[in-house]
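Engineer: The structure under discussion is supplied below as structure tokens; questions concerning it will follow.
Derivation of every value follows stated rules applied to the coordinates shown; laboratory data play no part. Quantities reported herein were computed from a predicted structural model and do not represent experimental measurements. Every residue, glycine among them, receives a Cβ derived from its backbone with ideal geometry; neighbour counts consider all protein chains shown.
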Amino acid sequence: MCEQNAAEIRRKVDRFLTRVLKPGRYLGAEWNSIHKEWESTRVHMAFAFPDVYEVGMSHLGTRILYHLVNSFPDFLCERVFAPWVDMEARLRENEVPLYALESFRPLKTFDVLGFTLQYELSFTNVLNMLDLAGIPLRSGKRKAGDPWVIAGGPCAFNPEPLAPFIDFFLLGESEEQLPQVLDLMAEQKENPRPRADFLRRVAQVQGVYVPEFYQVSYREDGRVQGIEAEPGVPRVVEKAIVKDLDQAFFPTEPIVPYLEIVHDRMMLEVMRGCSRGCRFCQAGMIYRPVRERSPQTLLGQAEKLVRSTGYEEISLTSLSSGDYSCIRPVVGDILARYGGEWVGVSLPSLRIDSFDVELAAQVQKVRKSGLTFAPEAGTQRLRNVINKGVTEEDLMAAVGAAFRAGWSGIKLYFMIGLPTETQEDLDGMVALAAKVLDLGKRSGVRNMRLTVSVSSFVPKSHTPFQWEPQERQASLAQKQQYLKERLRDRRIKFNYHDVATSFLEAVFAKGDRRLADVLEHACRAGCRFDGWTEQFRYGLWQESFRELGLDPGFYANRTLDYDDVLPWDHLESGVSKKFLMQEHWKALREANTQDCRFAECTGCGVCPGRGVRIDLKG
Amino acid sequence: MRLRIAYSKMEAAKFIAHLDLARVFERAMRRAQIPVAYSEGFNPHPKISFGSALAVGVEGQKEYVDIELRQEMDIREILGRLQEQLPSGIRLLEGSVVAPGSKALMAILNSAGYLIRVPMALPIGPERLREGVQAWLGRGHIPYARYSKRGPTEKDIRPWVKRLTAEIEGEEVVLELEVEVGNSGGVRPEEVLASLRELENLPFDLEAARIRRTGIYVQYRGQNYSPLDTPKGPGAKSEAR
């Protein structure tokens, strides 16, 4: 079914597209989309996002890399997203292979298929997309004419469950690394050498990890015994880092989708990295150090974005935009310039301790949806454990300022199952919610609405909590019920996540290569879109683990030892294992670690020897 | 100033959903740097409004949109600048200034024509086709089941159909359909097709039907007028009321 050409695919798809949900997901002729000539470009890449269009198109990294690759005359980049289940059924029934949106060419005809791994529960979609494309799932089964299948993104820092399916992974920031890889591919295409030779060459690029060059052995009890690198490749693969973010490529003519996507607005990346040091947060560890863009650069980009997209809103994005040192002048300047054209500004998240009510009042999005704060834990003791440096006074001050400025809706984010959590911490959440309601009443807020959102802690690789277990499902579910009963109030809306979903996320976040068989089994059994509640089929997962004789609890619920070889020990984010151990140890002693932007160096290890440093513009 | 623009929405643009179309125009206007007027209030929205919604997948040969601007501009310049910023399937055809206080498109458009091409699953002759269509039109009452969240409901679709002709072109049947549109209901062309197949056994391959709305009109005393040049009638200026 893969011999079909683009015209045939287009003709077939056109016949059934009116009968699928949101046909705009599968058309690819959006404003600013790039349609390059196939024949005059040397390397053809399809950028694959293993979730639906509306999610994938909302992801800034996807947009950066799509436009970056296309900015090179030699390279062509098109896009593909996971087809929703209705479209998948139509594709299979009509024997149409998965195609790239711009040209409708089958994925199989591309030189390279690059997945971004944002979420463990999209792993089955990666396999399913390969299957829909008619590409053999396992690297070892693919032939010379098949595309290279590569993958990056945060989950590439522990990609072991995907190791047999992906030719190589890209760790870290791809702005400089990916073009180098594509150059090597162009050479390889024109002057083919044996597969292993090419992989050995590409393994020399910063951050490239070729799993087949690393042999993993296991102990009898299932723990990893050792990870052996073959000669000629790095023993430990270190991520790639963009040294000068201010000068780095940024797309100023981004695609404007026709159908509404999750984050349907212009995005300006004000900085990269976060050094607050929350001990559960993987992004806060793997994107270090903090590097900011200058206000001049951002305003120049904003001008081009407004003109090229016509969007009505600019989002200032980063892991913690309230911490950007020039946030106030940049928001002020953008509003002064474009407010008259009805262009607003939004901030994705606001910190409690640096909450700036005037800033919040200026930005449009928060006003509509209510203000969100994330104390994460219910007591000061537990907030010290996770190094969330906010106090109850900070929260009450921020909420009070918000009430005085006219907000009536507040959303609080918490986590349950954090290391050392006790009953007292749960009661702390309930007490905090009551205090917020009480403050609202005393401030004369009418129609007060409080949303309490509780997610379950998922230990992640490359964090100080990587040695911690996830709490058992039954116990997490009990805590959810306890909170649900305690938070019964008509002003409160209580949200919580499905525990089985969080469990599976933990399994794959800390998984090893043996999980690959489970993944393939589950995918063949029909698991996909596992992060979507209505699609999640836990029974099939349980069956898959049973079938392959692996205990998922071994990965999710086991406490690891400092001496254990971790499945990701050969992959390095720059933050040293020693620092992570220290942080873990400090967590258990309820001790805080300061942010290196405002205090001294914490010795996390990312800056020395890598030619990078904290780069603040304010 | 308030503008009324006629446009076509063909090819891939037929997949742009009605709810998304306002955003497509809003963003195109901002790229073209034509200042759209916004509503007052807590959650301002652009003053862009359409006539009757076009279903996803149905082409529109001549559709209309009203756009209010914050300042006076030359209409030809507006059309030229806006056209450059629209997706390729949307062509601006003509436009004119609408007097303040005129009724909205939604309130005046009451008639629509469709051209439908549908392949035959089994070959039939023109005689059989004509008989089928005549028999269908001869029915006084044509129930059709619609499915909503509250379960199936049955509606009589016959009153909405004003004219229907069909002929054979190669392996396809080409139908011309004229229907009444209104706030109180209506009929969708694919419902007419499905009903013809079900009640008169006409062998249409429904999945492969291609539908185009050829026009949408202000019908007044049996005559179809464009909302751009309606004479004295329901769509005319306020003094004519």
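Engineer: Would you calculate, for the protein assembly as shown, the mean residue ellipticity at 222 nm contributed by helices, counting each DSSP H stretch of 4 or more residues as -39,500 (n - 2.57) and dividing by all residues, to the nearest 500? Could you put the intermediate results ahead of the total?
Structural biologist: Numbers: 26 runs with 269 residues, N = 859.
Helices in the protein assembly as shown give a 222 nm mean residue ellipticity of -9500 deg cm²/dmol.
Engineer: Taking the Cα centre of chain B as the origin and placing charges on Cβ (Lys, Arg +1; Asp, Glu -1), which of B:Ala32, B:Val218, B:Ile168 is farthest toward the positive end of the dipole?
Structural biologist: Working it through, the farthest residue towards the positive pole turns out to be B:Ala32.
Engineer: Taking 35 Å as R0, compute the FRET efficiency from the Cβ-Cβ separation of B:Ala104 and A:Glu253 and round it to 0.05. Please report the intermediate quantities before stating the final value.
Structural biologist: Values: r = 35 Å, r/R0 = 1.01.
It comes to 0.50.
Engineer: Dipole magnitude of chain A about its Cα centre, charges +1 at Lys/Arg Cβ and -1 at Asp/Glu Cβ only, in debye to the nearest 20?
Structural biologist: With Lys and Arg at +1 and Asp and Glu at -1, about 1260 debye.
Engineer: Moving on. Expressed as a rounded percentage, what relative contact order does the stretch B:2-108 have, with Cα pairs under 8 Å and six or more residues apart? Let's see the in-between values first.
Structural biologist: Working: 183 pairs, mean separation 49.5, N = 107.
Answer for the stretch B:2-108 is 46 percent.
Engineer: Arrange the peptides B:119-125, A:506-512 so that the one whose residues have, on average, the most other Cβ atoms within 10 Å appears first. Write out the running numbers ahead of the final one.
Structural biologist: On the way: B:119-125: 12.7, A:506-512: 25.9.
Going by the mean number of other Cβ atoms within 10 Å, highest first, we get A:506-512, B:119-125.
Engineer: Mind checking the full-extension length gain between A:Lys243 and A:Glu230? Use 0.36 nm per residue of separation minus the Cα-Cα distance, one decimal, nm.
Structural biologist: Values: separation 13, 0.36 × 13 = 4.68 nm, distance 2.95 nm.
Stretched out fully, the A:Lys243 to A:Glu230 stretch lengthens by 1.7 nm.
Engineer: Report relative contact order for chain A in percent, whole number only (criteria: Cα-Cα under 8 Å, sequence separation at least 6).
Structural biologist: On the way: 1139 pairs, mean separation 89.3, N = 618.
Relative contact order of chain A: 14 percent.
Engineer: Oh, and also: Return the distance in nm (one decimal) between the two label points of a simple spin-label model at A:Glu341 and B:Asn201, each offset 7 Å from Cα along Cα→Cβ.
Structural biologist: 6.4 nm
Engineer: Okay, next question. When you look at the Cβ of every residue in B:193-200, what mean number of other chain Cβ atoms sits within 10 Å?
Structural biologist: Numbers: counts 0, 0, 0, 0, 0, 0, 0, 0.
Partner-chain Cβ atoms within 10 Å, mean over residues of B:193-200: 0.
Engineer: Now, a different point. So what's Rg/Rh here for the stretch A:104-227, counting alpha carbon atoms and using the Kirkwood radius for Rh? Walk me through the numbers before you get to the answer.
Structural biologist: On the way: Rg = 14.7 Å, Rh = 15.3 Å.
Taking Rh as the inverse mean 1/r over Cα pairs, Rg/Rh reads 0.96.
Engineer: While we're looking at this one, here's another question. Out of the chymotrypsin sites (Phe, Trp or Tyr not before Pro) in the stretch A:388-425, which ones are loop residues according to DSSP with at most 10 other C-beta atoms within 10 Å?
Structural biologist: For chymotrypsin sites (Phe, Trp or Tyr not before Pro) across the stretch A:388-425 that sit outside H, G, I, E and B with at most 10 neighbouring Cβ atoms in 10 Å, the list is empty.
Engineer: Please name whichever of A:Gly332, A:Trp148, A:Cys278 sits farthest to the positive end of the charge dipole of chain A, dipole taken about the Cα centre and charges placed at Cβ: Lys and Arg +1, Asp and Glu -1.
Structural biologist: A:Gly332
Engineer: Counting only Cα atoms, I'd like the Rg/Rh figure for the stretch A:6-238, Kirkwood definition for Rh. Each step should come with its number before you reach the end.
Structural biologist: Numbers: Rg = 17.8 Å, Rh = 18.3 Å.
We get a ratio of 0.97 for the stretch A:6-238.
Engineer: On to the next question. How many nm separate the modelled label positions at B:Tyr38 and A:Arg92, each set 7 Å beyond the Cα in the direction of the Cβ?
Structural biologist: Rounded to a tenth, the inter-label distance reads 4.7 nm.
Engineer: Size of the dipole of the stretch A:6-238 about the Cα centre, Lys and Arg at +1 and Asp and Glu at -1 on the beta carbon, nothing else charged, in debye to 20? If you can, show how the numbers build up before the last one.
Structural biologist: Working: 27 positive and 33 negative charges, 138 e Å.
So the dipole magnitude of the stretch A:6-238 works out to roughly 660 debye.
Engineer: How shielded is B:42-49 by partner chains, expressed as the average number of their Cβ atoms within 10 Å of its Cβ atoms?
Structural biologist: Mean number of neighbouring Cβ atoms from other chains: 2.
Engineer: Please list, by residue number, every one of the GluC sites (Glu not before Pro) in the stretch A:573-614 that is coil in DSSP and has at most 11 other beta-carbon atoms within 10 Å. Intermediate results must be reported in sequence, preceding the final value.
Structural biologist: Numbers: sites: A:Glu583, A:Glu590, A:Glu600; in loops: A:Glu590, A:Glu600.
Taking the stretch A:573-614 and a limit of 11 other Cβ atoms within 10 Å, the loop GluC sites (Glu not before Pro) found are A:Glu600.
Engineer: Starting from the Cα of B:Val97, move 7 Å in the Cα-to-Cβ direction to define the label point; list residues of the stretch B:50-89 whose amide nitrogen is under 15 Å from there.
Structural biologist: Label zone hits: B:67-79.
Engineer: To the nearest 0.05, what FRET efficiency results for A:Ala283 and B:Glu84 with a Förster distance of 41 Å applied to their C-beta separation?
Structural biologist: E between A:Ala283 and B:Glu84, to the nearest 0.05, is 0.50.
Engineer: Need one value for B:13-20: mean number of C-beta atoms belonging to other chains within 10 Å of its residues' C-beta atoms. Walk me through the intermediate numbers first.
Structural biologist: Working: counts 3, 4, 12, 5, 6, 0, 2, 6.
That average works out to 5.
Engineer: Describe numerically, in nm with one decimal, the distance between label points set 7 Å from Cα along Cα→Cβ at B:Leu19 and at A:Ala6.
Structural biologist: 3.2 nm
Engineer: Same structure again: Normalised by the residues of the stretch B:111-220, what does the relative contact order come to in percent, with Cα pairs under 8 Å and at least six apart?
Structural biologist: Working: 193 pairs, mean separation 48.7, N = 110.
Relative contact order, the stretch B:111-220: 44 percent.
Engineer: Could you tell me the extents of the protein assembly as shown's C-alpha atoms along the three principal axes, largest first, rounded to whole Å?
Structural biologist: If we take the Cα atoms of the protein assembly as shown, the spans are 87, 68, 52 Å.
Engineer: Turning to a different aspect of this structure: If you count, for each residue, the other Cβ atoms within 10 Å and average over each peptide, how do A:98-109, A:141-152 line up from highest to lowest? Working shown, then result.
Structural biologist: Details: A:98-109: 23.3, A:141-152: 18.1.
Sorting A:98-109, A:141-152 by mean packing, highest first, produces A:98-109, A:141-152.
Engineer: Would you please report the Å³ per residue occupied by the convex hull of the alpha carbon atoms in the stretch B:111-220? Each step should come with its number before you reach the end.
Structural biologist: Values: hull volume 12.4 nm³, N = 110.
Residue-normalised Cα hull volume stands at 113 Å³.
Engineer: For the stretch B:20-179, taking Cα atoms only, what is the radius of gyration to one decimal and the Dmax to the nearest whole Å?
Structural biologist: That works out to 20.9, 61 Å for Rg and Dmax.
Engineer: OK, next. Quick one: which of A:Lys510/A:Lys577; B:Lys47/B:Lys155; A:Lys441/A:Lys493 span more than 24 angstrom between C-alpha atoms? If you can, show how the numbers build up before the last one.
Structural biologist: Numbers: A:Lys510/A:Lys577 15 Å; B:Lys47/B:Lys155 34 Å; A:Lys441/A:Lys493 17 Å.
Violating the 24 Å limit, Cα to Cα: B:Lys47/B:Lys155.
Engineer: List the GluC sites (Glu not before Pro) in the stretch B:1-73 that DSSP assigns to loop (not H, G, I, E or B) and whose Cβ has at most 14 other Cβ atoms within 10 Å. Which are they? Walk me through the numbers on the way to the answer.
Structural biologist: On the way: sites: B:Glu11, B:Glu26, B:Glu40, B:Glu59, B:Glu63, B:Glu68, B:Glu72; in loops: B:Glu40, B:Glu72.
Sites meeting the loop and neighbour criteria: B:Glu40, B:Glu72.
Engineer: Something else now. Do the alpha carbons of any pairs in A:Lys411/A:Lys484; A:Lys108/A:Lys141; A:Lys12/B:Lys62; A:Lys239/A:Lys460 sit beyond 20 Å of each other, and which pairs?
Structural biologist: A:Lys12/B:Lys62
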